Amino acid sequence: MKLSVYVHGREVASLEDLNSFTSRLSYHDDVEQDDFVSLTMPVRREPWDWDDQLHPIFQMNLPEGYLLQVLQEQFGPHIGGSPMNLLSVVGRNMIGRIQIAPPGAALNEPAKPVDVAALLQGDNSAEAFAELVREHATSGVSGVVPKFLDTEKLTGLGNHKKGTLFTHRHIIKGSSPHLPFVSLNEHLSMQVAAKVLPTAKTEISRDGQALVVDRFDVDDDGQPLWGMEDFCALLGMRPANKYETTWERIARAVRDHVPADRRMRAYRHLATVVLLTYALRNADCHAKNVALRYTSRRDVEATPVYDMLTTAAYGQYAKNPPGISLGGRKTWDPGRTLQQSIVSVFGVPARDQTLIVEQIGQAISEVAPAVREAVNEHPGFREIGKRMLLAWQDGLGMLRNKRTYNLGELDLGESFRGLSDPEPVNSQRAVIGRSELADSDPMG
């Protein structure tokens, strides 16, 4: 199979599978240097061969889990189930500035719109959301929490008498029985992150089951602007290996791809992500959940935070270690080595780390009342919300204790007082990788 590759609607390359184990990207003649497909594959005359079915940048956008199941059911009998075949279906609707399509195919076929306002007010049970995913299955969003790209219908007609303009603006994510209220969990965790770092804007549905995330790779009109590559793609890793890297390797990739005048900002961003991960007890911060974005090689930067949640709220993941190794270890109690590792890996001084920890503590105290409010509003969230608050208390306590940053205790406010013990759960450590709905990594 041979596919055409586009950057901002301009055809720049062809992608073909040479055999079952090798794929080739070949740039066309006279392609501008800024129209590269990946930071790891600059424009050149020689083809870029990769010993796998797809190059990492294309694997990044392949759907997984429930969405993959739906695509295979709908299209598998007609096009086959190989990664290249799946890419031919979803490649026109990917995150970032690239599109992939069969030669001669239209790039902007109208998609069925999602009424976001109605979704935020309606039924977002697992069954209802699964049906919604089925209706919009050809959108190319990777990840395995059920989610898909929303094509928003705009009603403003401008100079036209009638018509509909479709623009990609959101990613919509659901919950599942395996991870109840995971969307609400993520929304509240992202509120903490938003107080200390640029973060994707989120909006939660009234029933707490669906999350609408504003995309940060598009402009104000919803048109593709930024290229985006997660660190699985940048490190040449298969998505299945997303937990098998280190912050040291990620920092080296930043050095390789981020311009010198922007590098320290990116390092500080990632150091803050590390500290947030410890404070919020997020074991699902892996190589697919941190990324770079760019419009050219001159403005590469860390993306806003996305996919931040508190995995410790779910018994089956409560004992999982951090998703990415730092200083050769994956532990929730790193002691003084955490501070030392962040200095050596990211170059962020200890005094700056202390300020970040203080900011995170303030953010947690400000968001905690919203968690208590959600506990009161959604009975099914009660135990999860309590576990979230206790996890935040433990995580921040570890960061502030004398073995780590020696900041002393912090009064986090009324929201942390009077918490009854959550109901006992099976906290046997589970390998992230099974889900009733996704049948893959349930966190995404």
> Could you say whether any residue in the stretch 172-189 is acidic (Asp, Glu), modelled with pLDDT of 95 or more and not assigned by TED's automatic domain parsing to the domain that holds Gln362?
Replying inline: yes
> Just for the stretch 239-260: of the residues that are part of a helix (DSSP H, G or I) and acidic (Asp, Glu), which one is surrounded by the fewest Cβ atoms within 10 Å (Cβ to Cβ)?
Replying inline: Asp256
>> Being over 18 Å from the mean Cα position of the chain (by Cα), over 17 Å from Glu229 (Cα atoms), assigned to a helix (DSSP H, G or I) and of a type outside the set (Ser, Thr, Tyr) narrows it down to one residue among Arg268, Arg263; which is it?
In response: Arg268
> Of all residues in the stretch 379-406, which are surrounded by fewer than 20 Cβ atoms within 10 Å (Cβ to Cβ), of a type outside the set (Lys, Arg) and not in a helix (DSSP H, G or I)?
Replying inline: Asn401, Asn406
> With respect to the numbered conditions (1) more than 26 Å from Arg372 (Cβ to Cβ); (2) modelled with pLDDT of 65 or more; (3) not assigned by TED's automatic domain parsing to the domain that holds Glu383, which one is the sole condition not fulfilled by Ala438?
Replying inline: (2)
> Quick one: how many residues across the stretch 323-351 are touching a strand residue (DSSP E or B) at 6+ places or on another chain (Cβ under 9 Å) and under 30 Å from Gly96 (Cβ atoms)?
Replying inline: 5
>> Can you report the number of residues in the stretch 305-348 which are over 29 Å from Asp214 (Cα atoms), crowded, with 16+ Cβ neighbours inside 10 Å and of a type in the set (D, E, K, R)?
In response: 1
> Which one is surrounded by the fewest Cβ atoms within 10 Å (Cβ to Cβ) among residues in the stretch 14-24 that are within 15 Å of Pro103 (Cα to Cα) and over 27 Å from the mean Cα position of the chain (by Cα)?
Replying inline: Glu16
> Considering only the stretch 279-318, how many residues are touching a Ser or Thr at 6+ places or on another chain (Cβ under 9 Å) and either in a loop (DSSP other than H, G, I, E, B) or within 23 Å of Leu399 (Cα to Cα) (or both)?
Replying inline: 19
>> I'd like to check something: does the stretch 324-338 contain any residue that is aliphatic (A, V, I, L, M) and part of a helix (DSSP H, G or I)?
In response: yes
> Checking Gln223 against (1) buried (at least 18 other Cβ atoms within 10 Å of the Cβ); (2) within 25 Å of Leu62 (Cβ to Cβ), which single condition isn't satisfied?
Replying inline: (1)
>> Among the residues that make up the stretch 218-238, is at least one of them more than 30 Å from Val5 (Cα to Cα) and touching a Pro at 6+ places or on another chain (Cβ under 8 Å)?
In response: no
>> Pairs please, first residue from the stretch 30-55 and in the same structural domain as Val12 (by TED's automatic domain parsing) and in contact (Cβ under 8 Å) with a residue 60 or more places away in the chain, second anywhere and surrounded by fewer than 12 Cβ atoms within 10 Å (Cβ to Cβ) and part of a loop (DSSP other than H, G, I, E, B), Cβ atoms under 8 Å, 6+ apart in sequence or on different chains.
In response: Asp52/Phe21
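The values are calculated or read from the model by the stated rules, or taken from the named source; none is laboratory data. Computed from a predicted model, the values in this text were never measured in an experiment. Neighbour counts run over all protein chains shown; Cβ positions are idealised from the backbone, glycine included.
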